[in-house]
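Here the structure is laid out as structure tokens; the discussion comes afterwards.
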């Protein structure tokens, strides 16, 4: 169930809280989901339990009680438009199942030129002029006080929806309107958010806006006052507003929203003074909206930067194979070509992608990575393309996808060979047209990204097997490289091991250790099926479990410790012989010391913990002492 609480009176007036999760608490302390410093509220005043079919409000034995529609309750199943009284505040429960919530704004009606009795540019609204008339100057002082109150009230708001409801809750103090609504637009001019309020019925009640008036205000970027439109009344029937004010909210001289108010009263219409003060409110709202959107952009950028700084961008290795990789990075970084990285798991494909991004002209834009194999098809579509509110069950808000977040930067698609056929078609369109639609959306969104794809399989083989589109393969395979596995650049292993030792010591907050020549020989001899990632984990394990001043072969995992430069003709016989010899030496030492592994370790020149680990690795029976 989609529902929210909206404050309409008292200290919580203008506050809005979406009811999601299982429980929402209200009270005087900041540990509550919704709180306000009100002495008539208890620290934990009431609790709202949110179920799939109903929403229950429960009083938590508060001092002043909880009221629903002026009745004191202990618990109550809330209905749409129920009024909740807590302390000095009144809240309205707005259910998302109500048609008003699904469509709070309805556009209709026509407009004649002579219906508009006054217009005001946004710049002119910066000045409220007084004159010698004492009554007018008194009204001017009141309006300035209201503007100051509104500016103070919205200063700390950090989200667009909160700004809408806070302003709506205060607009009725400014002009004698019966209904009000606020529309917000995105950079493309599309309506993204709307909120409406009726003075009598409360928040969420539909407001009918004259479409022609709205179009004119947006087109001319100036406020308009409509008064005594008898022709419109006759054309649209009873109940059509006789007075209306519509004012644009400007951000960087672009229309980012609209404030609309109207009244059906024939005796108390709006005048130019009301238009001036609402234009002033729109100016304040524009500054607040610009700050909110700037903060949202900074937060998105910060999240991506936090992801980036948690990864070490250094690439280690001076072998001929790695020098070829560095040369490839330098060449492709100067272009915007799509890049395909192929290679076994653990060869550093994402590290190469980040290096390409960091060396390119897009380095100041976001680097966004997504592992296509780690997410189910349905979730991957939403994660990559984003979704509109209501696109599927659980889509309670609009969400930007990775494509949209990567605008102006680089998108890295890891394990792209795991793309489902339906998503392959969508990705092909992105590469061809540089546009996409959110899940549940109908509007194409243009993007400017560089795409880097990676796979641990030979992508051409997936094309031949029929699991990957040939046309998409050609789009991805513009510039390609296959990264070398670690076993093909063994001269880099000692340098990588030292690098990972320093990295692990910082992460584990312990002193780094030297790697003995014997341990290095094991590292170089091992085949490394897990490549660089396996080496990093092996070094960290040796640092944590090793007990000596340096890393010895016995500190390494068994399969690495037993590796050596074997003759290809008889590797199995040699390894078996080495293992049998180890068992025999350890068993003789234990027999000599009557099973005392501490004494046996002294004879063998090992630390007791190292001997125990060898005993376990070799499958010997552990000593009892």
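List of remarks:
- Extension gain, residue 20 to residue 620: 0.36 nm times the residue separation minus the Cα-Cα distance gives 210.3 nm.
- Normalised contact order of the stretch 572-625, rounded percent, pairs of Cα under 8 Å and 6 or more residues apart: 31
- Mean separation of Cα contacts under 8 Å (6+ apart) over length of the stretch 311-484, as relative contact order %: 32
- Angle between the chain longest axis and helix 349-358 axis [Cα atoms, degrees, rounded to 10]: 50
- Compared with the dominant principal axis of the Cα atoms in the chain, helix 421-433 is inclined by about 70°.
- The calculated FRET efficiency for the pair residue 508 and residue 374, based on their C-beta separation and a Förster distance of 25 Å, comes to about 0.45.
- Across the chain, the relative contact order, built from alpha-carbon pairs under 8 Å that are at least six residues apart, equals 8 percent.
- Using the Cβ-Cβ distance between residue 334 and residue 433 with R0 = 25 Å, the FRET efficiency computed as 1/(1 + (r/R0)^6) comes to roughly 0.50.
- Projected label distance in nm at residue 302 and residue 33, using a 7 Å step from Cα toward the beta-carbon: 2.4
- Within the chain, percent of DSSP bridges classed antiparallel, to nearest 5: 70
- Euclidean distance of C-alpha centroids, the stretch 482-501 and the stretch 355-396, integer Å: 31
- Protection proxy ranking, peptides 507-520, 439-452, average beta carbon neighbours within 10 Å, highest first: 439-452, 507-520
- Relative frequency of Cα-Cα separations exceeding 44 Å in the chain, percent: 46
- Sorted peptide list for 493-500, 272-279, criterion being average Cβ within 10 angstrom, highest first: 272-279, 493-500
- The distance separating the Cα centre of the stretch 530-564 from that of the stretch 13-62 comes to 54 Å.
- Geometric extent, Cα atoms of the stretch 3-100 - Rg, Dmax (angstrom): 12.1, 37
- The stretch 327-366: Rg to Rh, with Rh as the Kirkwood radius over Cα pairs: 0.97
- Stretchable slack from residue 79 to residue 448, in nm (0.36 nm times residue separation minus alpha-carbon distance): 128.2 nm
- Antiparallel bridge percentage (DSSP; both residues within the stretch 312-448; nearest 5): 35
- Amide N proximity, the stretch 424-442 versus residue 188 label position 7 Å along Cα-to-Cβ, cut-off under 12 Å: 435-439, 441-442
- Entry note, the chain: the mean residue ellipticity at 222 nm calculated from DSSP H runs of n ≥ 4, each adding -39500 (n - 2.57), is -12000 deg cm²/dmol after division by the residues and rounding to the nearest 500.
- Each of the peptides 386-398, 189-201, 531-543 was scored by the mean count of other Cβ atoms within 10 Å over its residues; in descending order, highest first, they stand as 531-543, 189-201, 386-398.
- Angle of helix 531-545 to the longest C-alpha principal axis of the chain, folded into 0 to 90 degrees and rounded to 10: 80°.
Rule-based calculations on the coordinates, nothing more; no lab input. Note that the structure is predicted; figures quoted are calculated from it, not measured. Here Cβ is always computed from backbone atoms with ideal geometry, including for glycine, and neighbour counts include all displayed protein chains.
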